[in-house]
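The values are calculated or read from the model by the stated rules, or taken from the named source; none is laboratory data. Note that the structure is predicted; figures quoted are calculated from it, not measured. As a convention, Cβ positions derive from the backbone with ideal geometry for all residues, glycine included, and neighbour counts pool all protein chains shown.
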Amino acid sequence: MTLWGRIPTIVRMEEELQALQERIERLLQGSRRLADENRRLQVELVESREARLRLERRMGEARSRVEAALSRLPAFADDVHDVHHVRDAAH
């Protein structure tokens, strides 16, 4: 086969290589984008967990203050004592 006979084959091969290069580049871009998103989501997860722990701590502190305030009221003193007894028994 002469050089002229091989040119269409060479052209097709170059087109296929170009298409493969473009596909690889798109895959790499997608991979980078997903890695960036994964890092961002990991940071958000840590921040969300920390926020949840802060809220749980604040809720416990608020609960303690409310229970303390209620225990100073004569009508609620016995009820608050009963709540502590039931809650302590559950833990």
Next on the checklist: Cβ-Cβ distance below 8 Å, separation of 6 or more or different chains: which pairs start in region 35-63 with a residue that is without any contact (Cβ under 8 Å) to a residue 40 or more places away in the chain and end on one that is among the aromatic types (Phe, Trp, Tyr) and exposed (fewer than 10 other Cβ atoms within 10 Å of the Cβ)?
Outcome noted: none
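Please work out if ASP79 is loosely packed, with under 10 Cβ neighbours inside 10 Å, part of a helix (DSSP H, G or I), more than 27 Å from the chain's Cα centre (by Cα) and at pLDDT below 85.
Values: loosely packed, with under 10 Cβ neighbours inside 10 Å: no; part of a helix (DSSP H, G or I): yes; more than 27 Å from the chain's Cα centre (by Cα): yes; at pLDDT below 85: yes.
No: the conditions fail for ASP79.
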